[in-house]
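To keep things clear, I will list the structure first and then write my remarks on it.
The values are calculated or read from the model by the stated rules, or taken from the named source; none is laboratory data. These figures come from a predicted structure and were not determined experimentally. Here the Cβ is made from the backbone with ideal geometry for all residues, glycine too, and neighbour counts use every protein chain on show. SASA here: full protein model, heavy atoms, side chains in, ligands and nucleic acids out. Shrake-Rupley method; radii C 1.70, N 1.55, O 1.52, S 1.80 Å.
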Amino acid sequence: MVRDIDIVLRPEEQNDDGRRRAVSVKLSVSSDDIAHMTILRKSIDARRKDIKINERIRVYIGEDPAVENPVIFPYVGASPAAVVVGAGPAGLFAALTLIENGIRPIVLERGKDVHSRRMDTALLSQKGILDPESNYAFGEGGAGAYSDGKLYTRSVKRGDVGRILRLFVQHGADESILYDSHPHIGSDRLPGIIENIRRTITASGGEVRFSSRVTGLIRSGDEVKGACLESGEEIAGPVILAAGHSAKDVYSFLLKDGFALEAKSTAVGVRLEQPQSLIDSIQYHAVGKRSSFLPPASYSFKTQVNGRGVYSFCMCPGGSVVPASTEEGLLVINGMSPASRRGRWANSGMITEIRKEEIDGDDPFRVMRYIESIERSSFIPGFIAPAERMTDFCFDRPSGTLAESTYRPGLKASRLDDILPPVVVSSLRAGFLAFSDMTRGRFLTADGTVIAAETRTSSPVRILRDDSMHQGRGLYPAGEGAGYAGGIVSAAIDGSEAALSLRRDFNG
Ligand SMILES: Cc1cc2nc3c(=O)[nH]c(=O)nc-3n(C[C@H](O)[C@H](O)[C@H](O)COP(=O)(O)OP(=O)(O)OC[C@H]3O[C@@H](n4cnc5c(N)ncnc54)[C@H](O)[C@@H]3O)c2cc1C
């Protein structure tokens, strides 16, 4: 017999014995009769002091579960080829899906492999030296490679989230991502998983080529027939374009070559860094240290200020703030955290909506230019970031000193009013005060640091496509840079769907 049941555990009961006891009581069966239990869903209910763990369990009584077979990737070395631009989540999952469907992917990535890339991100963090082709946004694994690896997405309707998570597990991710309500992998584990995905692609006869920047598309009439590399080499095949939202050169050549693009609304703001112990004490209603049975706490805030959304974004418990710039002279901040999330600091993007209609002009790059102007005014040589204490930012006064921070290039006490647009400053101030009210005043603290600027939260440009994900024949814009996805899982789903659309065109 197989039954799906819901159980409630105390934090210290989250182990096989605790679960077995709860299941046997709930089903009135002896613990010895339970052949196997699979956790289907797990969440923490921290609304009250008495914290509970809610789990949905598939219980096998007197029978074993069927063995789940991994996806088998066929050999496609002699099959027709398709070009995939970009080895981020959209490009990598597009490549896996092409292989599953008998098409040979040739993945072209401007940056380096995920291992070599690590040296470049270290050089940027430690010495403030940027490699414009290999950084936190460019290189194998894309923008997600050194992220928190949060795999939470709202795009349930748009594709098979479970399939993406299972493929991550098949390539080395922990099985807990299949049931945690807020799954995450961690910046220390993601690179190994990305390398395994690359091995699957190459072992199946696909190609992954690094330091291969695409500078244009080959066209015959309305049909895209391939991609041109910086070296002049031409790679033939229909093109899945998954270049991410920082590839401004790609947007430029598309516009120059007459492809249809439009401006897209986005959200901008700052990264807020606070002690993790503060977040734990707010979320777990605790005094003193967090229980060792509970994970570092996270939060998600949102409010409206004068009809404009203000919200927290990409919260990284126990993480660090990193320089995610791709160009000298422009500062971009982001956050990441390792699998354990054991760091002393928590950070999150705190952002507010910017609608494309608010920005003068009607050209497709106007939101991109708006973002760029914030990044330019935030820039301090060496990728030092301007910052203020949270209380000083909210009460409009300068910070004489700053709290400790994980941001390695360093912070400089600055007035963020002089850097960010007035509407962003006023919305964030009101938002912080609202979030503070939601936590009985505890969220607003002097040891919180507000760091500018968080600007690359989503693509500022959309590459138009029809319902079958084409723009003309042979071009499939996909992932975050195309303006149809945001985050690792939704980009991976979008890339997979582009590959399926390409397969339908191949067959039909
Ligand atoms: C520090 C950080 C932390 C993040 N944390 C999370 C998180 O925890 N959870 C989450 O869901 N999302 C997170 N994100 C966002 C997430 O990484 C992106 O949403 C996701 O990677 C988008 O996937 P993509 O494949 O569409 O584009 P990208 O990941 O941007 O990949 C695009 C790829 O294309 C390559 N490329 C660009 N131009 C060219 C060209 N001309 N020729 C060849 N190759 C090119 C780039 O080098 C890059 O590798 C984070 C991002 C950053 C920067």
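Output yes when any residue across region 56-64 is in a strand (DSSP E or B), out of contact with any Asp or Glu (no Cβ under 9 Å at 6 or more places or on another chain), more than 16 Å from the ligand (Cβ to nearest atom) and in contact (Cβ under 8 Å) with a residue 12 or more places away in the chain, and no when none is.
Yes: region 56-64 contains one or more residues that are in a strand (DSSP E or B), out of contact with any Asp or Glu (no Cβ under 9 Å at 6 or more places or on another chain), more than 16 Å from the ligand (Cβ to nearest atom) and in contact (Cβ under 8 Å) with a residue 12 or more places away in the chain.
Which residue pairs have Cβ atoms closer than 8 Å, lie 6 or more positions apart in sequence or on different chains, and pair a first residue in region 246-267 that is under 20 Å from Thr326 (Cα atoms) and open to solvent by 30 Å² or more (accessible area, probe 1.4 Å) with a second residue that is modelled with pLDDT under 95 and away from the ligand (no atom under 14 Å from the Cβ)?
Going by the 8 Å Cβ cut-off, there are no qualifying pairs.
If you go through region 38-79 one residue at a time, how many are among the polar types (S, T, N, Q) and out of contact with any strand residue (DSSP E or B) (no Cβ under 9 Å at 6 or more places or on another chain)? Don't jump to the end; show me each part of the working.
Looking only at region 38-79, we keep the residues that are among the polar types (S, T, N, Q), and these are 38, 43, 54, 69, 79.
Retained after the next criterion (residues that are out of contact with any strand residue (DSSP E or B) (no Cβ under 9 Å at 6 or more places or on another chain)): 69.
Adding up the residues that qualify gives 1.
Of the numbered conditions (1) in a loop (DSSP other than H, G, I, E, B); (2) assigned by TED's automatic domain parsing to the domain that holds Leu411; (3) buried (at least 19 other Cβ atoms within 10 Å of the Cβ), Val270 fails exactly one; give the number of that condition.
All conditions are met except number (1).
Quick check, is Ile99 in contact (Cβ under 8 Å) with a residue 12 or more places away in the chain, within 9 Å of the ligand (Cβ to nearest atom) and open to solvent by less than 30 Å² (accessible area, probe 1.4 Å)? Explain how you work it out, then say what you get.
On the way: in contact (Cβ under 8 Å) with a residue 12 or more places away in the chain: yes; within 9 Å of the ligand (Cβ to nearest atom): no; open to solvent by less than 30 Å² (accessible area, probe 1.4 Å): yes.
Taking the combined requirement at face value, the residue does not satisfy it.
Search region 429-457 for residues being touching a helix residue (DSSP H, G or I) at 6+ places or on another chain (Cβ under 7 Å) and surrounded by fewer than 21 Cβ atoms within 10 Å (Cβ to Cβ), and hand back the single one that is nearest to Val332 (Cα to Cα). Give the steps one after another, and end with the answer.
Step one: list which residues in region 429-457 are touching a helix residue (DSSP H, G or I) at 6+ places or on another chain (Cβ under 7 Å), which gives 429, 432-433, 439, 442-446, 448-450, 452-453, 455.
Add one more test, that the residue is surrounded by fewer than 21 Cβ atoms within 10 Å (Cβ to Cβ), and what stays is 429, 433, 439, 442, 444-446.
Details: Arg429: 20, Leu433: 25, Thr439: 29, Arg442: 28, Leu444: 24, Thr445: 24, Ala446: 24 Å.
Top of the filtered list is Arg429.
Inside region 464-490, can you point out the residues that are within 12 Å of the ligand (Cβ to nearest atom) and either open to solvent by 10 Å² or more (accessible area, probe 1.4 Å) or in the same structural domain as Ile371 (by TED's automatic domain parsing) (or both)?
So the first thing to find is which residues in region 464-490 are within 12 Å of the ligand (Cβ to nearest atom), and the list is 477-490.
Within region 464-490, Glu480, Tyr484, Ala485, Gly486, Gly487, Ile488 qualify.
Here is a list of conditions, (1) without any contact (Cβ under 8 Å) to a residue 40 or more places away in the chain; (2) part of a strand (DSSP E or B), and Pro398 meets all of them except one; can you say which number that is?
(2)
Within region 410-423, is even one residue over 17 Å from Ala267 (Cα atoms) and free of Cβ contacts under 8 Å to residues at least 24 places away in the same chain?
Checking region 410-423: at least one residue is over 17 Å from Ala267 (Cα atoms) and free of Cβ contacts under 8 Å to residues at least 24 places away in the same chain.
What is the residue count in region 327-346 for residues that are more than 18 Å from the chain's Cα centre (by Cα), of a type in the set (A, V, I, L, M, F, W, C) and closer than 17 Å to Pro132 by Cβ? Let's see the steps before the verdict.
If we filter region 327-346 for residues that are more than 18 Å from the chain's Cα centre (by Cα), which is where we start, we get 327-331, 342-345.
When the remaining residues are screened for being of a type in the set (A, V, I, L, M, F, W, C), the result is 330-331, 345.
Keeping just the survivors that are closer than 17 Å to Pro132 by Cβ gives 330-331.
The number of residues fulfilling the criteria is 2.
Here is a check on your reading of the model: is Ala46 under 30 Å from the mean Cα position of the chain (by Cα), small (Gly, Ala, Ser) and at pLDDT below 95?
yes
Look through Ser348, Ser298, Ser325 and report the one residue that is within 16 Å of the ligand (Cβ to nearest atom), open to solvent by less than 20 Å² (accessible area, probe 1.4 Å) and in a loop (DSSP other than H, G, I, E, B).
Values: Ser348 fails: in a loop (DSSP other than H, G, I, E, B); Ser298 fails: open to solvent by less than 20 Å² (accessible area, probe 1.4 Å).
Criteria check complete, one pass: Ser325.
So which of Val107, Val71 ends up being hydrophobic (A, V, I, L, M, F, W, C), open to solvent by less than 30 Å² (accessible area, probe 1.4 Å) and either over 30 Å from Glu12 (Cβ atoms) or within 13 Å of the ligand (Cβ to nearest atom) (or both)? I'd like the intermediate steps shown before the answer.
Details: Val71 fails: open to solvent by less than 30 Å² (accessible area, probe 1.4 Å).
Matching residue, one of Val107, Val71: Val107.
Any idea which residue in region 121-150 is nearest to the ligand (Cβ to nearest atom), counting only those that are acidic (Asp, Glu) and either in contact with a helix residue (DSSP H, G or I) (Cβ under 6 Å, 6 or more places away or on another chain) or open to solvent by less than 20 Å² (accessible area, probe 1.4 Å) (or both)? I'd like the intermediate steps shown before the answer.
At the first step, the residues of region 121-150 found to be acidic (Asp, Glu) are 131, 133, 140, 148.
Going one step further and asking which of them are either in contact with a helix residue (DSSP H, G or I) (Cβ under 6 Å, 6 or more places away or on another chain) or open to solvent by less than 20 Å² (accessible area, probe 1.4 Å) (or both), we end up with 131, 140, 148.
Values: Asp131: 11, Glu140: 7, Asp148: 3 Å.
Among those residues, the one meeting the criterion is Asp148.
Restricted to region 303-322, and to residues that are touching a residue at least 60 places away in the same chain (Cβ under 8 Å) and assigned to a loop (DSSP other than H, G, I, E, B), which residue is nearest to the ligand (Cβ to nearest atom)?
If we take residues in region 303-322 being touching a residue at least 60 places away in the same chain (Cβ under 8 Å) and assigned to a loop (DSSP other than H, G, I, E, B), then Gly319 is nearest to the ligand (Cβ to nearest atom).
Given (1) within 16 Å of the ligand (Cβ to nearest atom); (2) within 21 Å of Asp257 (Cβ to Cβ), identify the lone condition not met by Ser458.
All conditions are met except number (2).
What is the residue count in region 118-141 for residues that are within 15 Å of Arg189 (Cα to Cα) and touching a residue at least 60 places away in the same chain (Cβ under 8 Å)?
From region 118-141, those within 15 Å of Arg189 (Cα to Cα) are 118, 140-141; that's our starting set.
If we keep only those that are touching a residue at least 60 places away in the same chain (Cβ under 8 Å) as well, we get 118, 140.
Residues meeting the conditions: 2.
If Ser377 passes every condition in (1) part of a loop (DSSP other than H, G, I, E, B); (2) open to solvent by 40 Å² or more (accessible area, probe 1.4 Å); (3) not aromatic (Phe, Trp, Tyr) but one, which one does it miss?
Only one criterion in (1) part of a loop (DSSP other than H, G, I, E, B); (2) open to solvent by 40 Å² or more (accessible area, probe 1.4 Å); (3) not aromatic (Phe, Trp, Tyr) is unmet by Ser377, namely (1).
Determine which member of the set Ile177, Ile201 is assigned to a helix (DSSP H, G or I), modelled with pLDDT of 90 or more, more than 23 Å from Ala499 (Cα to Cα) and outside the structural domain of Gly343 (by TED's automatic domain parsing). Lay out the reasoning, then the answer.
On the way: Ile201 fails: more than 23 Å from Ala499 (Cα to Cα).
Residue meeting the stated conditions: Ile177.
Yes or no: region 162-176 includes at least one residue that is in contact with a helix residue (DSSP H, G or I) (Cβ under 7 Å, 6 or more places away or on another chain), under 28 Å from Leu254 (Cα atoms) and within 15 Å of the ligand (Cβ to nearest atom).
No, the conditions are met nowhere in region 162-176.
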